[in-house]
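The values are calculated or read from the model by the stated rules, or taken from the named source; none is laboratory data. Predicted model only: the values in this text are computed from it and were never measured. Glycine also receives a Cβ, built like all others from the backbone with ideal geometry; neighbour counts cover every protein chain displayed.
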Amino acid sequence: MSAAKTAHTDADERLLIEAAQKDPSRFGDLYEVNFARVYAFIASRVHDRDAAQDLTSDVFHKALANLSRFEWRGAPFAAWLLRIAANAITDRAKRTAREVPSPDDPPEPGTETDMTAVEHRAELIRLVEQLPADQRRVIVARFVDERSIHEIAQQLGRTEGAVKQLQFRALEKLRSQMEGASA
């Protein structure tokens, strides 16, 4: 990203933050810009869709509640949100550890965050959201909900062949867009 574009993006982000601090109803703009990144960060560590959704909701709730304390220091707003997310994941792990130990617990605090992987996952989430509705439903059902082709076909009232074709087209489109984004 060029220095001019980064400066423009920083200025835009700062204006969004200031607007939301003055009028909390404007927080939705910050939510829209940062949702995919925060969800991808959490989902890569929690590996449980419901927990990831709950934690993502908690992060934005905490961010809104504490927005008046946020001070612009030149770091992206997302960094602040990811710190809240890391703390929420750690808190969840501590609660879970008291209940039943799980091999799926997130890494210990201080573990290096692979921001490239988080950005990659966030981009993938954005691209899936842009797929045509039928393709998006198939991809979400197949890879998020882990449903079989047969189950998806029944759910959508389509043949298994049609579902396979929708899945194939969606994956091809996602693959080409991801390759184009990394080029």
Top-ranked residue in region 48-66 [being among the acidic types (Asp, Glu) and touching a residue at least 24 places away in the same chain (Cβ under 8 Å); ranked as nearest to residue 38 (Cα to Cα)]
58
Which of the residues belonging to region 65-89 are closer than 16 Å to residue 55 by Cβ and among the basic types (Lys, Arg)?
83
Would you mind telling me which numbered condition in (1) of a type in the set (A, V, I, L, M, F, W, C); (2) more than 16 Å from residue 119 (Cα to Cα); (3) assigned to a helix (DSSP H, G or I) residue 72 fails?
(3)
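If I ask for residues that are of a type outside the set (Ser, Thr, Tyr) and not in a helix (DSSP H, G or I), which ones from region 113-151 would you list? Step through it out loud before you land on a result.
Restricting attention to region 113-151, the residues satisfying the condition of being of a type outside the set (Ser, Thr, Tyr) are 114-115, 117-147, 149-151.
Passing the criteria: 114, 131, 132, 145, 146, 147.
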Inspect all residues belonging to region 14-21 and state whether any of them is within 15 Å of the chain's Cα centre (by Cα), at pLDDT 85 or above, in a helix (DSSP H, G or I) and surrounded by 11 or more Cβ atoms within 10 Å (Cβ to Cβ).
no
Can you name the residue in region 133-179 that is under 20 Å from the mean Cα position of the chain (by Cα) and exposed (fewer than 14 other Cβ atoms within 10 Å of the Cβ) and is also farthest from residue 52 (Cα to Cα) among such residues?
179
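So which of 68, 25, 2, 44 is of a type outside the set (Asp, Glu), buried (at least 17 other Cβ atoms within 10 Å of the Cβ) and modelled with pLDDT under 90?
None of the others qualify; the one that does is 44.
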Scanning region 100-128 for residues that are exposed (fewer than 11 other Cβ atoms within 10 Å of the Cβ) and modelled with pLDDT of 65 or more gives 116
